Amino acid sequence: MKIGMTIWGNRISPVFDSAQTILLATVKNGEIVSEAKEFIPGNIPTNLAKMLVAKEIDTLICGAISEQPARIIESAGITLISFVTGNAEKLLHAYARGGSVERFLMPGCGSNCREKKRTGQQPQATQSPDNLVRSISEQRYVGKQR
């Protein structure tokens, strides 16, 4: 299993949309076998989604996330664990071993945090969200065919 986690220093980055670094980890049999940190190219959520697909990431762990990038990531077939906070290594080890991440939920976030509807205007994209999701999903499918 490959995990991506947006980080800031040694902690989960509080807001996905402005994260600049991602921790990439490979987990086998509950143990972390490799870790690497990478700079996130640009500050556009679609760039990160494309990077996650290209690296065959199965799960993304992050702090708060806006509705549009969350939808794009989930539509690309990536499991999204959002609205968590705390020490990145502790959360990664707990998740790798199959443990609960409930204790890492952001303050004030019950289990419904990820279900809340966000309001406000969405930024205009050069591509419709449906076409963008389709494009990213196709890249993931083609990548697995190799």
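Data overview
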item	result
Residues (crowded, with 20+ Cβ neighbours inside 10 Å, without any contact (Cβ under 8 Å) to a residue 60 or more places away in the chain and of a type outside the set (A, V, I, L, M)) located in the range 43-81	Pro45, Cys62, Gly63, Pro69
Where Ser66 falls short, out of the listed (1) within 13 Å of Ile3 (Cα to Cα); (2) at pLDDT below 90	(1)
Ser111 vs. criteria in contact with a Lys or Arg (Cβ under 6 Å, 6 or more places away or on another chain) and either buried (at least 17 other Cβ atoms within 10 Å of the Cβ) or modelled with pLDDT of 50 or more (or both)	no
Meets criteria (modelled with pLDDT of 95 or more and within 15 Å of Met1 (Cβ to Cβ)) for Leu52	no
Selection count where residues are hydroxyl-bearing (Ser, Thr, Tyr), out of contact with any helix residue (DSSP H, G or I) (no Cβ under 7 Å at 6 or more places or on another chain) and assigned to a helix (DSSP H, G or I), scope the range 71-113	1
The one condition in (1) buried (at least 19 other Cβ atoms within 10 Å of the Cβ); (2) of a type in the set (Gly, Ala, Ser); (3) farther than 23 Å from Glu102 by Cα that Ala25 fails to fulfil	(3)
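Yes or no, residue by residue, for (1) surrounded by fewer than 15 Cβ atoms within 10 Å (Cβ to Cβ); (2) closer than 23 Å to Pro107 by Cα; (3) without any contact (Cβ under 8 Å) to a residue 60 or more places away in the chain:
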position	(1), (2), (3)
Val15	yes, yes, yes
Ala19	no, yes, yes
Ser34	yes, no, yes
Pro41	yes, no, yes
Gly86	no, yes, no
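The values are calculated or read from the model by the stated rules, or taken from the named source; none is laboratory data. Source: prediction; values computed, not measured. Using ideal geometry, Cβ is built from the backbone for each residue, glycine included, and neighbour counts are taken over all protein chains shown.
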